[in-house]
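Peer 1: Below you will find the structure I want to go over with you.
The values are calculated or read from the model by the stated rules, or taken from the named source; none is laboratory data. It should be emphasised that the depicted structure is a prediction, and the values quoted were computed from it without experimental measurement. Cβ placement follows ideal geometry from the backbone for every residue including glycine, while neighbour counts extend to all protein chains displayed. Side chains included, ligands, DNA and RNA excluded: accessible areas come from the protein's heavy atoms. Shrake-Rupley method; radii C 1.70, N 1.55, O 1.52, S 1.80 Å.
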Amino acid sequence: MQLFNIFKVKREERWLALAMLAVFVMFNALVIAGHYHAYTMGAHGGFWSIFTKNFRMSGYDNWSWITISGMRIHFETVRHPLYLTFLYPLYLLDSWLIDAVGYNFAVYFMAAILVFSAFYAVVFMYRVFREVLGLTRFDATLLTLFLFSFGHVLVPSMVPDHFIISMMFLTMTLYITGMKMKKGRLLTAWQGCVLTFFTAGMATSNGVKTLLAGLFTNGRRFFSWKYVSLGAVLPFLLLLGIQQSQYYLLEVPQEAVIRNIVHVNREKDARKVEQHINERESWLKSHTGRSAGDGAVGKLMDISTPRGEALVENFFGESVQLHQQYLLKDVSWDRPVFVAYSWAANYVVEAVVVLLFVAGIVSGCRERFFRMLLAWFACDVTLHLVLGFAINEVYIMTAGWAFIIPVACGYLLRRLPQRLRRPYRWLLAALTAFLWMYNAGQTAFYLCSRIC
């Protein structure tokens, strides 16, 4: 029972948590309402066409809807080894409901997971500010709202992808390890095992962050035989076993079925299929930089996309403030890689956020907890900006790293003289209010326009 105490919402957290819960429920309802009749069709086939035709938001995938609806696996289980395990019981329940009532509940099941994950990401981040950094209730609330005002921290709370789930596990890891550091305690091997299992299970790259968290928390004791074997090696072996069993039991048979479908479609209308494939390849080639090589890893790395423009318009741009043009469009279908803001004010806001971030780094770099966050951030910068993984749509990765910005702002607040704290709070409040009105307003407009 004590294991689940971390999910108990404390009295002082309730108003913030409930307010954000209402926001997440509203946005998920708008997503579902956009194509309600199509999304809830109880057909036993055609789910891929139904969802991919009607859902498109910034490059986020709807594979979870398709998996729950008909157990078609379109995501790479090697990179997300535990994701299918989360979805499979929902597929069994949904399949039974489709047979019983002729109605597809996949979008509701996924919305429940998203709302739950976003809700606890809010709770854990509030606790990081309040308990780990030791800020006041007002400051902790303000910085939590600041984080979720970011465009691509808010959007993952409503799209059927894994990013907000990953964020929940990462923020849980931050809270647990942060409190361990503050109290001078070690992260036990079994705690490390559980955290690594779930964070790496959602996205294997997140496992590296959890291992770094263990290293910063335990120091040299991280390298003990017990921790390395139970806290590091065991969870990856478990995930490998789960992924391989899923691959041979579910993915291999599915690949044979898909090859047969493609073969049948080619025989029906070979010219149309070839035209569609050529058009897609041409678009993707024009919107993706030159890869580092032809191997499995090299193909994922982009070496030609301009890093400076990616940093300004996408990494610190679109991640925090959605662009007015091509709003929530998908670079794989209908959006250029780089889009400029229509208002100069957006660049001013971006510059202020980056300056506060840099000042926060200077203020917090002596703290072990913040150095751990910097190591996490270095992993993301190396993966996306240096190696170029997913650099053409790097903003969809925001939920995995953006929490370092308000944490840096929290450390800056702690270091400022008392006379400067009030104007600094006003600045943060103004930024937060603007970003909520700007990002939430544009997102609501986009979703409502799809209903009408």
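Each row is one residue, and each column tells you yes or no for (1) over 21 Å from LEU154 (Cα atoms); (2) in contact with a strand residue (DSSP E or B) (Cβ under 6 Å, 6 or more places away or on another chain); (3) buried (at least 19 other Cβ atoms within 10 Å of the Cβ); (4) free of Cβ contacts under 8 Å to residues at least 24 places away in the same chain.
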{"position": "ALA22", "(1), (2), (3), (4)": "no, no, no, yes"}
{"position": "MET26", "(1), (2), (3), (4)": "no, no, no, yes"}
{"position": "PHE47", "(1), (2), (3), (4)": "yes, no, yes, no"}
{"position": "ARG72", "(1), (2), (3), (4)": "yes, no, no, no"}
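Listed here are the residues, each with its yes/no results for (1) at pLDDT 95 or above; (2) part of a helix (DSSP H, G or I); (3) more than 16 Å from the chain's Cα centre (by Cα).
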| residue | (1), (2), (3) |
| --- | --- |
| SER363 | yes, yes, yes |
| PHE369 | yes, yes, yes |
| ALA375 | yes, yes, yes |
| PHE389 | no, no, no |
| ALA402 | yes, no, no |
| GLY410 | yes, yes, yes |
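Peer 1: Going residue by residue through the range 188-209, is there one that turns out to be open to solvent by 20 Å² or more (accessible area, probe 1.4 Å) and closer than 25 Å to LEU416 by Cβ? Don't jump to the end; show me each part of the working.
Peer 2: Residues of the range 188-209 open to solvent by 20 Å² or more (accessible area, probe 1.4 Å): 188, 190-191, 194, 197-198, 204-205, 208.
This time we only want the ones that are closer than 25 Å to LEU416 by Cβ, so: none.
Scanning the range 188-209 turns up no residue that is open to solvent by 20 Å² or more (accessible area, probe 1.4 Å) and closer than 25 Å to LEU416 by Cβ.
Peer 1: With the range 1-54 as the region, which helices (runs of 4 or more DSSP H) entirely inside it contain at least 3 residues that are in contact with a Gly (Cβ under 9 Å, 6 or more places away or on another chain)? I'd like the intermediate steps shown before the answer.
Peer 2: Details: elements: 14-34, 36-39, 47-54.
Ranges flagged: 47-54.
Peer 1: Now for a different question. Among the listed residues GLN254, GLN243, identify the single one that is modelled with pLDDT under 95 and crowded, with 21+ Cβ neighbours inside 10 Å.
Peer 2: Numbers: GLN254 fails: crowded, with 21+ Cβ neighbours inside 10 Å.
The unique qualifying residue is GLN243.
Peer 1: Taking the options GLY441, GLY388, GLY400, GLY410, name whichever one is among the small types (Gly, Ala, Ser), without any contact (Cβ under 8 Å) to a residue 12 or more places away in the chain and open to solvent by less than 60 Å² (accessible area, probe 1.4 Å).
Peer 2: On the way: GLY388 fails: without any contact (Cβ under 8 Å) to a residue 12 or more places away in the chain; GLY400 fails: without any contact (Cβ under 8 Å) to a residue 12 or more places away in the chain; GLY410 fails: without any contact (Cβ under 8 Å) to a residue 12 or more places away in the chain.
The unique qualifying residue is GLY441.
Peer 1: Could you say whether any residue in the range 214-225 is under 14 Å from the mean Cα position of the chain (by Cα) and crowded, with 22+ Cβ neighbours inside 10 Å? If you could, list the steps in order and put the result at the bottom.
Peer 2: From the range 214-225, those under 14 Å from the mean Cα position of the chain (by Cα) are none; that's our starting set.
No: zero hits.
Peer 1: Checking TYR108 against (1) open to solvent by 30 Å² or more (accessible area, probe 1.4 Å); (2) closer than 22 Å to HIS37 by Cα; (3) in contact with a Ser or Thr (Cβ under 9 Å, 6 or more places away or on another chain); (4) modelled with pLDDT under 90, which test does it fail?
Peer 2: With (1) open to solvent by 30 Å² or more (accessible area, probe 1.4 Å); (2) closer than 22 Å to HIS37 by Cα; (3) in contact with a Ser or Thr (Cβ under 9 Å, 6 or more places away or on another chain); (4) modelled with pLDDT under 90 applied to TYR108, the lone miss is (4).
Table: residues versus (1) assigned to a loop (DSSP other than H, G, I, E, B); (2) not hydroxyl-bearing (Ser, Thr, Tyr).
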| site | (1), (2) |
| --- | --- |
| GLY317 | no, yes |
| GLN325 | yes, yes |
| ASP334 | yes, yes |
| ALA340 | yes, yes |
| GLY360 | no, yes |
| ARG366 | yes, yes |
| VAL381 | no, yes |
| TYR395 | no, no |
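Peer 1: Moving on to the next point. In the set LEU18, LEU92, LEU87, which member is closer than 20 Å to GLN246 by Cα and open to solvent by 50 Å² or more (accessible area, probe 1.4 Å)?
Peer 2: Values: LEU18 fails: closer than 20 Å to GLN246 by Cα; LEU87 fails: open to solvent by 50 Å² or more (accessible area, probe 1.4 Å).
Answer to the selection: LEU92.
Peer 1: Can you name the number of the only condition in (1) acidic (Asp, Glu); (2) modelled with pLDDT of 95 or more; (3) under 23 Å from PHE315 (Cβ atoms) that GLU393 fails?
Peer 2: The number of the failed condition is (2).
Peer 1: Another one. Have a look at ILE165, ILE98, ILE113 and point out the one that is within 27 Å of GLY42 (Cα to Cα), in contact with a Ser or Thr (Cβ under 6 Å, 6 or more places away or on another chain) and of a type in the set (Val, Ile, Thr).
Peer 2: Numbers: ILE98 fails: in contact with a Ser or Thr (Cβ under 6 Å, 6 or more places away or on another chain); ILE113 fails: in contact with a Ser or Thr (Cβ under 6 Å, 6 or more places away or on another chain).
So the residue among ILE165, ILE98, ILE113 that is within 27 Å of GLY42 (Cα to Cα), in contact with a Ser or Thr (Cβ under 6 Å, 6 or more places away or on another chain) and of a type in the set (Val, Ile, Thr) is ILE165.
Peer 1: Can you tell me which of SER117, SER149 is over 21 Å from ALA433 (Cβ atoms) and either of a type in the set (D, E, K, R) or open to solvent by less than 10 Å² (accessible area, probe 1.4 Å) (or both)? So that I can check it myself, show each step before the final result.
Peer 2: Details: SER149 fails: over 21 Å from ALA433 (Cβ atoms).
Matching residue, one of SER117, SER149: SER117.
Peer 1: Considering only the range 133-146, how many residues are part of a loop (DSSP other than H, G, I, E, B) and either open to solvent by less than 10 Å² (accessible area, probe 1.4 Å) or of a type outside the set (Ser, Thr, Tyr) (or both)? It would help to see each step written out before you state the result.
Peer 2: So in the range 133-146, the residues part of a loop (DSSP other than H, G, I, E, B) come out as 133-136.
From what is left, the residues that are either open to solvent by less than 10 Å² (accessible area, probe 1.4 Å) or of a type outside the set (Ser, Thr, Tyr) (or both) are 133-135.
Residues flagged as part of a loop (DSSP other than H, G, I, E, B) and either open to solvent by less than 10 Å² (accessible area, probe 1.4 Å) or of a type outside the set (Ser, Thr, Tyr) (or both) within the range 133-146 amount to 3.
Peer 1: What number of residues in the range 55-76 are within 16 Å of ALA38 (Cβ to Cβ) and either in contact with a Lys or Arg (Cβ under 7 Å, 6 or more places away or on another chain) or not polar (S, T, N, Q) (or both)?
Peer 2: In the first step, residues of the range 55-76 are kept if they are within 16 Å of ALA38 (Cβ to Cβ); the result is 55-57, 62, 65-66, 68-70.
Next, from what is left, pick out any that are either in contact with a Lys or Arg (Cβ under 7 Å, 6 or more places away or on another chain) or not polar (S, T, N, Q) (or both): 55-57, 65-66, 68, 70.
Result for the range 55-76: 7.
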